[in-house]
Amino acid sequence: MATLFQLPPNHPQRFVLHNEVHARASSILSLPVRASYLALSLTSSEKTQERKHLTTLCERFGTVPPEPDADHFSANFDSFQMSWEQHGEFSTYGFYAYDSITEPFADPALKNVPVDWLAQINGQVIVAAHASVVAAADIHYRDETDLSPLSAHFAGNPIVGSKVTGGAASVFTDFRIHVDGFSRFLVVNHDLRTAQAGRLLHRLFDIEIYRVMALLAFPIARKLYPELKKADRQLYTITNSMTQPDNDDAKLLDELTALAAEVENHISSHQFRFAAASAYYQLVGQRLEDLREVRIQGIQTLGEFIKRRLEPAMNTCNSISHRYTLISERVSNASQLLRTKVDIIIERQNQGLLSSMALRAKMQLRMQQTVEGISMVAITYYAANLVGKIAEAAHSLGWHVNVELVEGLSIPVIFLIVGIGTKRLHKMIANTTE
């Protein structure tokens, strides 16, 4: 009997995170098996409708539908098994049928799915693929040195393939979309267990969808290349003009600002796509490693074929993304340099303006001092006249006063008093401004 312990409360996400390792598990299949795979790009509104559409299929066959917030689901229906997964950018549908046939792709598993329901699936098809796991005797595959019996299953196209899963199976494909709109994977069963078959098909379909999703960035990279060259030339023209002594810095700064906005717009618009392409490409590499390929003499392995075609495209995407990051840094450095240059010019202009203002202030001070001196003389003159008038009045009253002497003696006294008063006034103004 299990012992119960009193533990602290569970983290709200404990069970969700713990059970994440069991999510999107590969189907356990019976052998032989035929599989059809669809990957569709959906909008947010289409993702909501997708669950409702799944529910209608389940109701049609009396099967329990997925939960409203589920992002993966699998169920057995009358004549087929289905798995569904919803990812960030796309959703996938896997359909499986188990009745044995001699022609691997003549009667795909998708034919067992109701036609009307299939036609109403939301989204746009990114990947459509058929796969068939068959015994070597069923397709007359006797010797790996003679692959001619397999060519007919791929419309005579050159095939690539390898032994996988420790030699338990061989996988062949031509990586082409056939006249029915589907690519094809032929898996020859040597010693596969049912769980191995499910994981193998899941990896093959993952390689197909992640390969295509990674390539979504390639057309964008090719479209951006002329824009990148144009921005590079424009930046060179601006930086070259910055070295000229008679350039218009304000105009150059405006051009740099416009160029920076254009470059940042490209980066913000497409950075997600380039980052996603890098992530998808890594997933392709991981799935190829999981196959544990062993070469079959005379043909390329899946990994060699994909690397040869996919790696140059991914290198182009990485190069464009990296170069846009570099040109953004260069534009930023040029803008900073030009702004520094403009700031120095403005500072010099401000210093000249301050020097001019200081000279003017000095001149005004001298003029003010001159005016004050003239004013002191005028005040002394009028005050002395006033004293003379007073002396005349006193003389008229009979006082023995020498009017001219009194007026003359009052001049230095009045001038001294006015000077002292002016000096005190200056001190009062200085104290007030401090």
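The values are calculated or read from the model by the stated rules, or taken from the named source; none is laboratory data. Everything quoted here is computed from the prediction, not taken from an experiment. When we count neighbours, we look across all protein chains shown, and the Cβ atoms used for this are built from the backbone with ideal geometry, even at glycine. The area values use the complete protein model at the heavy-atom level, side chains included, leaving out ligands, DNA and RNA. Shrake-Rupley method; radii C 1.70, N 1.55, O 1.52, S 1.80 Å.
What does the accessible area per residue of the chain come to in Å², with a 1.4 Å probe and no ligands, DNA or RNA counted? Let's see the in-between values first.
Working: 26010 Å² over 434 residues.
Value for the chain: 60 Å² per residue.
Expressed as a whole percent, how much of the Cα-Cα distance distribution for the range 152-236 exceeds 16 Å? Don't jump to the answer; show the numbers that get you there.
Values: 2347 of 3570 pairs.
Taking all Cα-Cα pairs of the range 152-236, the fraction more than 16 Å apart is 66 percent.
Can you give me the pair-distance distribution of the chain, C-alpha pairs, 20 Å bins, whole percents?
All Cα pairs considered, the percentages come to 18, 30, 18, 11, 9, 9, 6, 1.
Using the Cα atoms of the range 286-434, I'd like the radius of gyration and the largest Cα-Cα distance, Dmax, both in angstrom.
Reported Rg and Dmax, both Å: 46.1, 149.
Rounded to the nearest angstrom and ordered from largest down, what semi-axes does the equivalent ellipsoid of the range 208-328 get from its C-alpha gyration tensor (root of 5λ)? Provide the component values of the computation, followed by the final result.
Values: eigenvalues 348, 36, 17 Å².
Semi-axes (√(5λ), whole Å): 42, 13, 9.
Suppose we take every Cα in the range 356-399 and form the convex hull; what volume per residue is that in Å³? Intermediate values should be presented prior to the final figure.
Details: hull volume 1.4 nm³, N = 44.
Output value, Cα hull per residue: 31 Å³.
What aspartates and glutamates sit close enough to K389 to cross-link, taking a C-alpha to C-alpha distance under 19 Å and skipping anything fewer than 8 places away on the same chain?
E404, E407
If I take R0 = 22 Å and measure r between the Cβ atoms of R424 and L359 in this structure, what FRET efficiency does the formula 1/(1 + (r/R0)^6) give, to the nearest 0.05? Walk me through the numbers before you get to the answer.
Numbers: r = 29 Å, r/R0 = 1.31.
That gives a FRET efficiency of 0.15.
When the distances between all Cα atoms of the range 280-346 are binned every 10 Å from zero, what whole-number percent does each bin get?
Cα pair-distance distribution for the range 280-346, in percent: 17, 27, 18, 14, 11, 8, 4, 1.
Using the per-residue mean of other Cβ atoms lying within 10 Å as a proxy for protection, in what order, highest first, do the peptides 123-136, 165-178 fall?
Details: 123-136: 19.9, 165-178: 18.3.
The most tightly packed comes first, giving 123-136, 165-178.
Provide, for q = 0.10, 0.12, 0.15, 0.21 Å⁻¹, the log10 of I(q)/I(0) from a solvent-free Debye sum over equal Cα point scatterers in the range 136-280.
-0.59, -0.69, -0.87, -1.25
Note down the relative contact order for the chain as a percent, whole number, built from C-alpha pairs under 8 angstrom at least six residues apart. Each step should come with its number before you reach the end.
Numbers: 498 pairs, mean separation 57.8, N = 434.
Answer for the chain is 13 percent.
Cut-off under 18 Å on the C-alpha distance; same-chain residues fewer than 8 positions from K423 excluded. Which aspartates and glutamates are left, in chain and number order?
E372, E434
So what is the diffusion coefficient of the range 68-165 in µm² per second by Stokes-Einstein at 4 °C and 1.567 mPa s, using a Kirkwood Rh over Cα pairs? Numbers along the way, then the final one.
Values: Rh = 16.2 Å.
Here the translational diffusion coefficient equals 80 µm²/s.
Give the share of C-alpha pairs in each 10 angstrom bin for the range 43-115, from 0 to the last occupied bin, in whole percents, shortest bins first.
P(r) for the range 43-115, in whole percents per bin: 17, 48, 26, 8, 0.
Rounded to whole Å and ordered largest first, report the semi-axes of the equivalent ellipsoid of the range 248-314 derived from its Cα gyration tensor (root of 5λ).
Output for the range 248-314: semi-axes of 45, 13, 6 Å.
Could you state how much accessible area K52 has, in square angstrom rounded to the nearest 10, with a 1.4 Å probe and all protein chains kept in place?
Estimated to the nearest 10 Å², K52 gives 120 Å².
Of the heavy-atom accessible surface of the chain (probe 1.4 angstrom), what whole percent is carbon and sulfur? Before the final figure, lay out each step's value.
On the way: 14760 of 26010 Å².
On the chain, the fraction of accessible area on carbon and sulfur atoms equals 57 percent.
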